[in-house]
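Let me begin by presenting the structure, written as structure tokens, before commenting on it.
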Amino acid sequence: MTAVTLEVTDGVAVLTLDLPGESVNKFTPSVIEEFRALLTRIESDQAITAAVLISGKPGNFVAGADIDQFLEFRSAQDAQQASALGHAMMHRIEKGRVPVVAAVDGACLGGGLELALACSYRVAAETDKTVFALPEVQLGLIPGAGGTQRLPRRVGLQAALDMILTGKNVRAKKALKLGLIDELVHPAILRDIAIARARDLAAGRIARQQSNRHHGARELLLDDNPIGRAVVLRKARETTTKKSKGHYPALYAALDAVAAGYHAGSEEQGYAEEARLFGEMAMTPVCRELMFLFYATTALKKDPGVTGDAPPPLPVDRIAVIGSGFMGAGIAAVTVMKGIPVRFKDTEAARVAKGIGAIRDVLRDGLTKRRITRQQFEDQVGLVSGTVRYTGFGRVPLVIEAVFEDLEVKQGVLRETESVTSDAAIFATNTSTIPITQIASAARRPERVIGMHFFSPVHRMPLLEVIVTPQVAPEVVTTVVAFGRRIGKTVIVVNDAPGFFVNRILAPYVNEAGLLLDEGVAVDAIDRAMSAFGFPVGPIQLIDEVGLDIAGKSGAIMAEAFGARMRPSEALTKVLAAGRLGRKGKQGFYAYDEAGKREGVDESVYRLFSGGSARVEMPAADIQRRLSLAMVNEAARCLDEGVVRSARDGDVGAVFGIGFPPFRGGPFRHVDATGVSEVVRQLEELDARHAGGRFSPAPVLREMATKNARFYSTDGRME
Amino acid sequence: MSINEPGKRVAIVAGVRTPFAKAGTTLRSLSAIELGKLAVSELVHRSDVDPAAVDLLAFGTVIPSVLAPNIAREIALMPLFPKGLQAWSVSRACASANQAITDAADQIALGHATIAIAGGAESLSNVPILHSRGFSDALVAASKAKTLAQRVQAFSKIRAKDFIPITPAIAEPTTGETMGQSAEKMAKINGITREEQDRFAWASHHNAQVGTADARLTAEIVPVMLPPAYETAMTSDNGIRADSTLEQLAALKPVFDRRYGTVTAGNASPLTDGGAAVLLVREDTAKSLGMKPVAYIRSYAYAALDPGEQLLQAPVLAAPVALKRAGLTLKDIDLVEMHEAFAAQVLSNLRGFESREWAARAGMSEPMGAVDRDRLNVMGGSVAIGHPFGATGARITTTLMNELARRDGQFGLMTVCAAGGLGFSMVIERA
């Protein structure tokens, strides 16, 4: 198997990368070996004066290192050594006898970008698929093949940090502006121009590694002198701490590596520091968990959603959305973004108009951020067709209902829909609280009824829970799962049970926060503790954001379904009874100004509690333990009861649906990291002290504790 | 090859239009292209046709956008359709949508297409304003100038009057006569009184009001969600005056001849924005796809006369020919839809239908006959509903076929008068 082919014409060697059997090029140990052999050949062949590196894969240059090999690292030394090997190869490309031109068409990521940076000249194809990024920090790593050293030299400190610390994609035009690439050409002439530039380099008509970045006042002041750079680095460190709350060590390691590039005595020392830090990061638990999430979401992308024989998904060339509220508009917006027409129905034209206004607002975001052109915006908007009648439903293969959360209303819509659609049409109901089986009981074709639980706001939240009932047809599941994926969602399939999975595990967590308030703990103490644990917002703030009415309603449903262990707290009940609705009512646990901006705890809320405003101190660790274990234990119950199909689905659901700290991997990964015996011990301790049996360990945890078992095998790889 | 060969007849399966809005009001921020897209998109959704199965799109407009002159292709490039949907635009003044429909029907009859979309749109809120000849000459010269001095010189020839912009007038280029003047002239020649005209206009509003109230008219309309706030939707035409009385109409001053004139703003059609489209499918294709045709095109005819004579009288020459081609006489016709540019024009046309002289000019030995007023424009016409030039033909086609079906009639006749002394007529048969 050869991944790199060599072709020499008139003294220019063209190296074509085309990893067999893969859709993208990746650096594997064998590819690197091949590459080194070819470099040796090129350098020793005096007839060769220059070289061009190009990809044989449409839309992809190099996607980066094959991260499977990272799982093989047993120690920081292993990883450091791998990085040093990469450095050696990049060094040869950069300084060797033969100048190398990178011809980039498509994604140029991670190690791919580091390779391009080592080349003497970079030509890129002007297409939407040509993007540049160093996404290593998203996996808890840092660039390990010279990226932290060469990128700042190429584009300046500020632009480099922006890419390295976020991992974000830079499009071709922007890359040219940054000086990241040297030329942007039509893809049809990419190869020819790259060869011509290789000749120019060989003949000395252009210098190797010529800088072409923009040096404006800002750059001169901040990038091009030691004092300015010190300011930039300090500022970046502050911002990083503010944003990551110190949970992501790779961000600091990246900053250290970049700084070393300026401060180290020699270039070699800079690369050595990068290798050392890369090795260190590869062994961190954060890296392990982020890699797990990467593998888990990648595996989910291939999961058809049913076990056993999976029928192929039905084609969905248009959909209908019923209900023009915020959810319906969000669902319609993400659908038309993918070029799929939406019939958008509500009962009154004015409501439809408002819904279309909301869809436009979501789509306009892409226009404002220049992700799409004005024409693309108009096209997307044009794919929505509003209606107040059930016309245009005859050929629709998928109808998503997002009307008011009321069983009878939803059943009515279901009956109306069935009377106007074909027998094959799927009716998906977007609900967060109503059991799908109950809604489906009104159906003539219950096997075509399924749940799609979107999270709000739909265009931002990555998760979709697909809820299956015992009657649902397998092709309905595969179709809806495939559609969810097409509109960019990470899809988990869960069984129909109160709260499904995400809201089910959220309920005891939020409830425990309420019970802490009942015990006299301060609102901000709870939120601070959980925010420090790694949740994006604390539980009380979350209640304010979601709305107390909605939280109360779903709390009541959960209490009804699960009894004493989900009995609502006095705090939430009383605050809701006082008519506080949270952010939308500009009054909740927190105070809000006229514009709706949150201002800090509304002290008057304590007067509603029996404990009054006298608050007791509780160590953050205790708060974190009670809240996190409430969620973890419920997640384990869900796995026991088959609500989620696997620990993997549960972890992905918790991270992407609730914001369970990604660096902890999810509730099941958290159990593995803590040790199941320890988790059971802590739960039993809490159970002894608290009522309702709510901390009584889930049977699966007890059973695993006796065998000292784990949810995942130790090597972190997803089967 | 015949349009009436069984199985190969041209079926009209559905028709949709936007609400019609007086120019400068509710729909003013939408271009003709956007109005056309709204109508066509709704047509596709409502009819459940597979957009990929549409073979062609023909669209009419009278005052095209200077920047996007092929409105049909712009509409066909909606992402709803594959990029390979071929499309062309037509202009036959107020019969432009009819021209689009007959073009599409011809293509189906020829066997070149089986499924077609045809219609038209106009935004009279968005007419292009032109520079004067002198000013545009200077601009062109300046763009070719190589030095600053040449550029300055190019503008030195401009006179004060060159700064006055030119707006397209609704006047005949050959005669210089405006539409209104022509209508005024026709009223005088044909002896149409002011009272007759006002009574006709009142009936138009009244019938349109009834059709709106009982939702027969609104059933043809796609609600338009109104920018920029999207707080409201427009669901019906805004020119229909439910409360207009004959007294109010009589009080209006004549516009075109203040002394002896009879044509007023009340008995003429207003400048209007709107779009409309119909779906045409070959009979056997419709059957195999399970579509339900509403009507078939039975025949049509175009005609023309000297614009300096009676500009809007050519329907009188077209209608008898269309009937003859259909093998029918007026007695076979259950419903008649006539475009109402002016009440004076409709009434002149009606007199012409009864005239031996006009019959002879149409090549007929007998006059077509008197149209039963109870079967004419039963849901009002352009005077009340409005008249977006390019769209009206598709509106009339849709209304005629739907009402024919509701009344369980068999044949419907429509006529449209158009600038340039043009006339159109079509006979449809209920499916």
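The values are calculated or read from the model by the stated rules, or taken from the named source; none is laboratory data. Note that the structure is a prediction, hence the values are computed from the model and not measured. In this analysis, Cβ positions are derived from the backbone assuming ideal geometry, glycine residues included, and neighbour counts consider all displayed protein chains.
Taken over the range B:204-226, the criterion of being more than 14 Å from chain A (Cβ to nearest Cβ), part of a helix (DSSP H, G or I) and without any contact (Cβ under 8 Å) to a residue 60 or more places away in the chain is satisfied by B:Thr212, B:Ala213. I'd like to check something: does the range A:264-283 contain any residue that is surrounded by fewer than 23 Cβ atoms within 10 Å (Cβ to Cβ), more than 28 Å from A:Val655 (Cα to Cα), touching an Asp or Glu at 6+ places or on another chain (Cβ under 8 Å) and modelled with pLDDT under 95? Checked the range A:264-283: at least one residue is surrounded by fewer than 23 Cβ atoms within 10 Å (Cβ to Cβ), more than 28 Å from A:Val655 (Cα to Cα), touching an Asp or Glu at 6+ places or on another chain (Cβ under 8 Å) and modelled with pLDDT under 95.
Among what's in the range B:170-195 and is assigned to a loop (DSSP other than H, G, I, E, B) and touching a helix residue (DSSP H, G or I) at 6+ places or on another chain (Cβ under 7 Å), pick the residue that is modelled with the highest pLDDT. Checking each candidate, the answer is B:Ile192.
Can you name the residue in the range B:375-391 that is in a helix (DSSP H, G or I) and out of contact with any strand residue (DSSP E or B) (no Cβ under 6 Å at 6 or more places or on another chain) and, of all such residues, is surrounded by the most Cβ atoms within 10 Å (Cβ to Cβ)?
B:Ile385
Given the residues B:Pro69, B:Pro79, which is the only one that is within 14 Å of chain A (Cβ to nearest Cβ) and either crowded, with 20+ Cβ neighbours inside 10 Å or more than 14 Å from the chain's Cα centre (by Cα) (or both)?
Result of the check over B:Pro69, B:Pro79: B:Pro79.
Among all residues of the range A:228-241, there is none that is of a type outside the set (A, V, I, L, M) and touching a His at 6+ places or on another chain (Cβ under 8 Å). Taken together, A:Leu639, A:Leu686 contain a single residue that is part of a helix (DSSP H, G or I), in contact with a helix residue (DSSP H, G or I) (Cβ under 7 Å, 6 or more places away or on another chain) and closer than 24 Å to A:Val493 by Cβ, which is A:Leu639. Here the range A:229-251 is the region considered, the condition is being hydroxyl-bearing (Ser, Thr, Tyr) and more than 23 Å from A:Glu219 (Cα to Cα), and the residue that is modelled with the highest pLDDT is A:Tyr248. Looking only at the range B:359-374, decide whether some residue is touching a strand residue (DSSP E or B) at 6+ places or on another chain (Cβ under 6 Å) and either assigned to a helix (DSSP H, G or I) or more than 19 Å from B:Pro307 (Cα to Cα) (or both). Yes: one or more hits.
Among the residues of the range B:86-136, those that are among the hydroxyl-bearing types (Ser, Thr, Tyr), touching a Leu at 6+ places or on another chain (Cβ under 9 Å) and surrounded by fewer than 24 Cβ atoms within 10 Å (Cβ to Cβ) comprise B:Ser125, B:Ser136.
When the range A:395-404 is filtered for residues that are buried (at least 17 other Cβ atoms within 10 Å of the Cβ), touching a Gly at 6+ places or on another chain (Cβ under 9 Å) and not in a strand (DSSP E or B), the ones remaining, listed by number, are A:Ala402, A:Val403. Any residue at all in the range B:419-431 that is of a type outside the set (Val, Ile, Thr), under 10 Å from the mean Cα position of the chain (by Cα) and within 16 Å of B:Gly120 (Cα to Cα)? Checked the range B:419-431: no residue is of a type outside the set (Val, Ile, Thr), under 10 Å from the mean Cα position of the chain (by Cα) and within 16 Å of B:Gly120 (Cα to Cα).
Of a type in the set (Ser, Thr, Tyr), closer than 27 Å to A:Phe500 by Cα, within 14 Å of chain B (Cβ to nearest Cβ) and crowded, with 21+ Cβ neighbours inside 10 Å: does that describe A:Thr421? Answer is no for this residue.
Picking from A:Ile505, A:Ile543, which residue would you name as being in contact with a Cys (Cβ under 7 Å, 6 or more places away or on another chain) and buried (at least 22 other Cβ atoms within 10 Å of the Cβ)?
A:Ile505
Just one of (1) out of contact with any Leu (no Cβ under 9 Å at 6 or more places or on another chain); (2) surrounded by fewer than 24 Cβ atoms within 10 Å (Cβ to Cβ) fails for B:Ala52. It is (1). Output yes when any residue across the range B:47-60 is touching a residue at least 12 places away in the same chain (Cβ under 8 Å), touching a Pro at 6+ places or on another chain (Cβ under 8 Å) and within 14 Å of another protein chain (Cβ to nearest Cβ), and no when none is. Yes: the range B:47-60 contains one or more residues that are touching a residue at least 12 places away in the same chain (Cβ under 8 Å), touching a Pro at 6+ places or on another chain (Cβ under 8 Å) and within 14 Å of another protein chain (Cβ to nearest Cβ). Once the range B:242-254 is narrowed to residues that are in contact (Cβ under 8 Å) with a residue 24 or more places away in the chain and either buried (at least 18 other Cβ atoms within 10 Å of the Cβ) or more than 30 Å from B:Thr397 (Cβ to Cβ) (or both), the residue that is farthest from the other protein chains (Cβ to nearest Cβ) is B:Pro254. Checked against the criteria, A:Gly330 does not count as buried (at least 21 other Cβ atoms within 10 Å of the Cβ), modelled with pLDDT under 95 and either over 23 Å from B:Thr235 (Cβ atoms) or away from chain B (no Cβ under 14 Å) (or both). When the range A:383-394 is filtered for residues that are within 8 Å of another protein chain (Cβ to nearest Cβ) and surrounded by fewer than 18 Cβ atoms within 10 Å (Cβ to Cβ), the ones remaining, listed by number, are A:Val388, A:Gly394. Of the set (1) part of a helix (DSSP H, G or I); (2) surrounded by 18 or more Cβ atoms within 10 Å (Cβ to Cβ); (3) more than 8 Å from every other protein chain (Cβ to nearest Cβ), all apply to A:Gln375 but (2). Please go through the range A:543-562 and give me each residue that is among the small types (Gly, Ala, Ser) and either in contact (Cβ under 8 Å) with a residue 24 or more places away in the chain or in a loop (DSSP other than H, G, I, E, B) (or both), ordered by number. Within the range A:543-562, A:Gly547, A:Ala551, A:Gly552, A:Ser554, A:Gly555, A:Ala561 qualify.
The helices (runs of 4 or more DSSP H) found wholly in the range A:116-232 and carrying at least 1 residues that are farther than 30 Å from A:Ala282 by Cα, of a type in the set (Val, Ile, Thr) and more than 25 Å from the chain's Cα centre (by Cα) occupy A:190-202. Please verify whether A:Val336 is more than 26 Å from the chain's Cα centre (by Cα) and facing chain B (nearest Cβ under 10 Å), treating the condition exactly as stated. Judged against the criteria, A:Val336 is not a match. Scanning the range A:303-357 for residues that are of a type in the set (Lys, Arg) and farther than 20 Å from A:Thr417 by Cβ gives A:Lys338, A:Lys354. Checked across the range A:271-278, the condition of being among the basic types (Lys, Arg), within 30 Å of A:Glu238 (Cα to Cα), assigned to a helix (DSSP H, G or I) and more than 14 Å from chain B (Cβ to nearest Cβ) holds for at least one residue.
For B:Tyr230, the requirement of being in contact with a Lys or Arg (Cβ under 8 Å, 6 or more places away or on another chain), in a loop (DSSP other than H, G, I, E, B) and under 28 Å from B:Leu311 (Cβ atoms) is not met.
The rows are residues; the columns are (1) touching a Ser or Thr at 6+ places or on another chain (Cβ under 9 Å); (2) surrounded by fewer than 20 Cβ atoms within 10 Å (Cβ to Cβ).
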| position | (1), (2) |
| --- | --- |
| B:Ile297 | yes, no |
| B:Gly308 | yes, yes |
| B:Val336 | yes, no |
| B:Val371 | no, no |
